Structure formats: C-alpha cells, structure tokens
Amino acid sequence: MKILLINKFHSPHSGADMYYMKLGAHLESLGHEVAYFAMQHSQNQRTPWERFFVSGRDFSSVHRNPIDAFSLFIRMLWSLEAQKKLEELLTVFKPDIAHVHNIYHHLSPSILPVLHKHGIPVVMTAHDFKLVGPHYELPPHEHLVDRYFYTIRHRSMKDSTLASIAIVLETMFHRMLRVYPKHIRKVFTASHFLAKILRKHSGFHPSQIVELPLGVERQGFLEFPVRSGFIYAGRLVEGKGLEWLIQTWREQRFPHTLTIVGSGPIETELHRLAEGLPIVFTGFLSHDETLKLMARSRCLIAPSTIPETFGLSAMEALSVGTPVIAAASGALSENVQHGSNGYLVDPEQPSSLGQKILGFLSDPQKEYDMREQACISAKRFTWEQHLSQLLQEYASLLTPRL
C-alpha cells in the first residue's frame with residue numbers, strides 16, 4: 001500500500017509528532033511505501049520528501065511584527081503554499097490513502113481539498129481537542145457550548161487576546177466551510193473519552209469516529225531489580241499539574257528524588273518553584289532514554305489537571321512495569337486502574353496527590369504487585385494490534401482497482 005503521512009513537524013516535538021514518526025517507521029518495516037508531508041524546521045529528521053515541505057514559520061514571535069502576524073493568520077486560514085507543495089508531491093507519489101495528524105496553523109486544512117480532488121481517501125488521528133473548539137485543550141464541560149467566547153475571555157492562546165481571537169476566527173471559518181467533515185472519511189481516537197467528545201461536538205457523523213488505541217513498543221518491557229525515585233515525563237506546559245506536583249513535594253517534604261523529563265515554556269518558572277527540593281530536571285530526552293528512566297523509577301506521576309486524550313507517557317510507564325499515580329482526568333482514568341496498576345487522584349482535591357504517594361510508599365508488597373499488573377495491563381496496547389486494526393481501516397476505504 002502507498003501511504004502519505006501528513007503532520008506539521010517531521011520530528012518528535014510532542015507525543016503526536018512521535019506517533020507520526022513511529023507510525024511511518026512501522027509501516028515501512030511492513031513493506032508499505034510511505035511518503036511524508038510536513039513543514040520545514042531545523043530539528044526535522046532528514047527525508048527525501050523534505051523538498052516538498054512548506055516553508056517554516058515561527059508562531060511564537062508574531063507579536064513583534066504586525067505584518068508577520070497578519071501573514072501567519074492568513075496562512076492559518078488557508079495556505080496556498082501548502083496546496084502548491086502538496087500538488088508537486090502528488091506528481092511523483094500517488095498514494096492509496098492519506099493519513100493526517102496535526103495540520104492546524106502551520107499547514108492548514110487547505111490541503112484536504114487537494115487530496116479530495118485527486119480521489120485520495122483521507123483519515124485523521126485526533127491527538128487533541130482542536131476539532132471540538134478553537135484551542136487544543138478541552139474547555140470545562142460547562143463551557144463547551146460557549147467555547148468560542150470562553151477562549152477569548154480566558155485568553156487561552158498564548159495568554160493573548162489577539163491570538164485567542166485569531167484562533168476563534170480560524171475555527172469559525174473552517175467550521176463554516178465544513179472543511180474537515182467534508183474531506184475526512186474517518187477520525188481515529190486513542191480513547192473512548194475523546195471519541196465521545198468528538199461524536200457530540202466535532203461536526204462529524206458519529207459513525208466516522210473510530211476508537212483505535214495507540215501502541216507501545218514491546219521492547220519497552222524492561223525489568224530493573226532496584227528502583228528509586230519518582231518520575232514525570234511530558235511537556236512542561238500549563239495544565240499538566242506540575243505546579244501541583246512540586247508543591248506536593250514541598251509540603252510533604254519527600255526525600256525521594258523526583259525526576260522531571262521534558263521541556264517547555266514554563267521550565268524556568270518550575271526551576272524556581274523547585275529550588276531546594278530533591279527535584280532533577282533533565283530537559284528533553286530521547287524516547288529510549290526516557291523509557292530507561294521510567295524503568296528505573298518506582299512510580300510515574302501524571303498529575304494533569306486538564307483532560308488527556310490518551311496519556312501516552314502513562315502507558316509507556318506501565319509497559320516497563322512502573323505503576324502510575326494519575327489525575328482522574330480524561331483518558332487517564334481509562335488506563336490507570338485504581339489500586340491495581342496505580343492510583344487515581346482528584347485534581348479538585350490538592351491534598352489527594354500527597355496522600356496517594358504516601359500510601360504507595362507505605363506498602364512495599366502492594367508496590368510489587370502493582371508492577372506486575374502494570375506490565376499485564378500494558379499488553380493490551382501493542383503496535384502489532386494497533387497496526388492490524390489501522391490497516392483494516394485503511395483497506396475499508398480503498399476502491400478496488402480493475
């Protein structure tokens with residue numbers, strides 16, 4: 001099968017980007033022909049397809065130049081460059097199917113009509129809540145109806161009123177065109193939680209939303225006889241509960257080392273909050289390095305105060321026999337079984353995190369049992385199972401060639 005994978009970055013910036021990269025590698029290992037379409041970036045992994053990538057633009061500095069800001073806003077709405085570059089790619093590669101990931105802002109959904117014009121069926125993996133509203137994150141349940149006003153009122157985008165208005169206008173424009181439901185045949189979600197939200201609020205017909213749990217690497221099942229400390233792995237951004245986690249370490253005076261793996265815009269502030277505590281910041285690490293640290297840790301903590309669409313780092317921790325203490329938000333509560341492979345805590349009760357960590361530390365036998373259950377529960381999420389179901393979904397959309 002000839003498959004075109006599309007994502008804004010061709011490097012592991014985030015969990016979504018990492019999945020896109022790994023998916024391509026796995027499909028190629030199975031003998032499929034894979035092409036890639038993305039945006040140029042200094043950290044991209046090299047590929048022969050990069051000559052078709054759209055020009056790179058930095059969205060973080062738009063506030064400094066009104067002309068650049070307006071240019072980027074137009075690109076968010078509809079990128080003529082992305083359409084042109086994709087047309088060029090399609091002259092040398094005729095895919096049977098296109099699988100899009102995060103295309104918002106940097107590529108824009110302008111590429112979808114191009115694929116439709118060429119008769120290429122399109123599927124999408126939803127890695128966030130952008131199909132629901134203007135922002136990647138899900139607004140509080142009571143604000144789902146007024147999510148556009150909520151985004152502006154709370155300056156959800158970069159803490160900027162103008163940036164928040166821009167993404168609201170972007171979303172309204174794309175909703176008016178129905179550009180996503182009109183051109184995407186199926187949307188895959190990694191959790192029942194996300195599927196339920198999309199079926200109700202995305203504009204897609206419920207039958208177009210397909211639950212397709214992600215896979216974790218089988219070679220990640222590691223056993224380290226001696227484990228120590230706790231770990232967090234993920235982006236250092238608002239909403240991940242990191243301030244809560246550090247404050248818990250300070251209040252409980254835990255002597256155990258907490259390792260925080262990842263980078264992000266609030267890293268400097270977190271360093272300040274953690275001053276004088278046994279907390280180590282590693283910065284960004286490779287996937288293999290992160291897995292090894294997880295396997296050496298007694299427990300992973302996932303204190304996200306915003307709903308997660310899957311919680312990949314939690315699943316990867318379970319895959320190496322590391323129990324998880326997680327906030328009961330979104331899909332995390334689907335995969336962390338309270339009292340079996342970890343504990344769930346109430347993000348509305350700040351003291352609950354410290355209490356569960358203390359409980360975990362007080363029962364060595366329970367900790368050992370949780371390690372076993374962690375490995376068992378993670379076996380439900382393998383790349384073999386994921387690829388088998390994904391390829392079946394691909395095949396169901398292909399028109400038999402005469």
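The values are calculated or read from the model by the stated rules, or taken from the named source; none is laboratory data. Just so we're clear, the structure is a prediction, and the values are computed from it rather than from any experiment. When we count neighbours, we look across all protein chains shown, and the Cβ atoms used for this are built from the backbone with ideal geometry, even at glycine.
For the structure I just gave you, tell me whether Ser362 is modelled with pLDDT of 95 or more, out of contact with any Ser or Thr (no Cβ under 7 Å at 6 or more places or on another chain) and either within 30 Å of Glu28 (Cβ to Cβ) or hydrophobic (A, V, I, L, M, F, W, C) (or both). Spelling it out, it is not the case that Ser362 is modelled with pLDDT of 95 or more, out of contact with any Ser or Thr (no Cβ under 7 Å at 6 or more places or on another chain) and either within 30 Å of Glu28 (Cβ to Cβ) or hydrophobic (A, V, I, L, M, F, W, C) (or both). Would you check if there is a residue in the stretch 241-258 being under 17 Å from the mean Cα position of the chain (by Cα), of a type in the set (Phe, Trp, Tyr) and modelled with pLDDT of 95 or more? Within the stretch 241-258 (the criterion being under 17 Å from the mean Cα position of the chain (by Cα), of a type in the set (Phe, Trp, Tyr) and modelled with pLDDT of 95 or more), the answer is no, since none of the residues qualifies.
If I ask for residues that are among the aliphatic types (A, V, I, L, M), without any contact (Cβ under 8 Å) to a residue 40 or more places away in the chain and closer than 18 Å to Arg298 by Cβ, which ones from the stretch 323-339 would you list? So that I can check it myself, show each step before the final result.
Step one: list which residues in the stretch 323-339 are among the aliphatic types (A, V, I, L, M), which gives 324-328, 331-332, 336.
Now drop any that are not without any contact (Cβ under 8 Å) to a residue 40 or more places away in the chain, which leaves 325-326, 328, 332, 336.
Ile325, Ala326, Val336, listed by residue number.
The set of residues from the stretch 203-225 being polar (S, T, N, Q) and at pLDDT 95 or above comprises Ser207, Gln208.
Considering the stretch 336-345, the residues that are touching a helix residue (DSSP H, G or I) at 6+ places or on another chain (Cβ under 7 Å) and surrounded by fewer than 24 Cβ atoms within 10 Å (Cβ to Cβ) include one that is farthest from Gln365 (Cα to Cα), namely Leu344.
Specify the residue that is modelled with the highest pLDDT; the eligible residues are those in the stretch 114-141 that are over 14 Å from the mean Cα position of the chain (by Cα) and within 21 Å of Ile167 (Cα to Cα). Can you show your working first?
Residues of the stretch 114-141 over 14 Å from the mean Cα position of the chain (by Cα): 114-123, 132-134, 139-141.
Among the residues that remain, those that are also within 21 Å of Ile167 (Cα to Cα) are: 132-134, 139-141.
Working: Val132: 93, Gly133: 90, Pro134: 90, Pro139: 75, Pro140: 72, His141: 66.
Out of the qualifying residues, it is Val132.
Taking the criterion of being part of a helix (DSSP H, G or I), within 15 Å of Pro307 (Cα to Cα) and either of a type in the set (D, E, K, R) or not assigned by TED's automatic domain parsing to the domain that holds Leu312 (or both), would at least one residue in the stretch 185-193 satisfy it? The answer is yes; a qualifying residue exists.
The set of residues in the stretch 125-150 being more than 29 Å from Leu214 (Cα to Cα) and buried (at least 18 other Cβ atoms within 10 Å of the Cβ) consists of Tyr148, Tyr150.
Can you find a residue in the stretch 227-246 that is of a type in the set (Ser, Thr, Tyr), touching a Gly at 6+ places or on another chain (Cβ under 8 Å), in the same structural domain as Gln355 (by TED's automatic domain parsing) and free of Cβ contacts under 8 Å to residues at least 60 places away in the same chain?
We begin by selecting, within the stretch 227-246, every residue of a type in the set (Ser, Thr, Tyr); these are 228, 232.
Going one step further and asking which of them are touching a Gly at 6+ places or on another chain (Cβ under 8 Å), we end up with 232.
Going one step further and asking which of them are in the same structural domain as Gln355 (by TED's automatic domain parsing), we end up with 232.
Subsequent filtering for residues that are free of Cβ contacts under 8 Å to residues at least 60 places away in the same chain retains none.
For the stretch 227-246, residues of a type in the set (Ser, Thr, Tyr), touching a Gly at 6+ places or on another chain (Cβ under 8 Å), in the same structural domain as Gln355 (by TED's automatic domain parsing) and free of Cβ contacts under 8 Å to residues at least 60 places away in the same chain: absent.
The set of residues in the stretch 276-292 that are at pLDDT 95 or above and crowded, with 20+ Cβ neighbours inside 10 Å contains only Ile279.
For the stretch 264-280, a residue qualifies if it is farther than 12 Å from Arg235 by Cβ and in a helix (DSSP H, G or I), and the qualifying residues are Thr268, Glu269, His271, Arg272, Leu273.
Selection over the stretch 159-181 of residues that are touching a residue at least 60 places away in the same chain (Cβ under 8 Å) and either assigned to a loop (DSSP other than H, G, I, E, B) or closer than 27 Å to Pro213 by Cα (or both) gives a count of 3. Scanning the stretch 66-84 for residues that are within 28 Å of Thr189 (Cα to Cα) and either touching a Phe, Trp or Tyr at 6+ places or on another chain (Cβ under 9 Å) or polar (S, T, N, Q) (or both) gives Met76, Leu77, Trp78, Ser79, Ala82, Gln83. For the stretch 234-263, the set of residues classified as closer than 21 Å to Thr309 by Cα, of a type outside the set (Val, Ile, Thr) and not in a helix (DSSP H, G or I) consists of Gly234, Arg235, Leu236, Glu238, Gly239, Lys240, Gly241, Gly262, Ser263, listed by residue number. Taken together, His174, His201, His183, His192 contain a single residue that is surrounded by fewer than 16 Cβ atoms within 10 Å (Cβ to Cβ) and not aromatic (Phe, Trp, Tyr), which is His192.
One residue stands out in the stretch 240-263 among those that are at negative phi and of a type in the set (Lys, Arg): the one that is surrounded by the fewest Cβ atoms within 10 Å (Cβ to Cβ), namely Arg250. Going by the structure shown, is Met39 in contact with a Gly (Cβ under 7 Å, 6 or more places away or on another chain) and either among the aliphatic types (A, V, I, L, M) or not assigned by TED's automatic domain parsing to the domain that holds Pro113 (or both)? Judged against the criteria, Met39 is a match.
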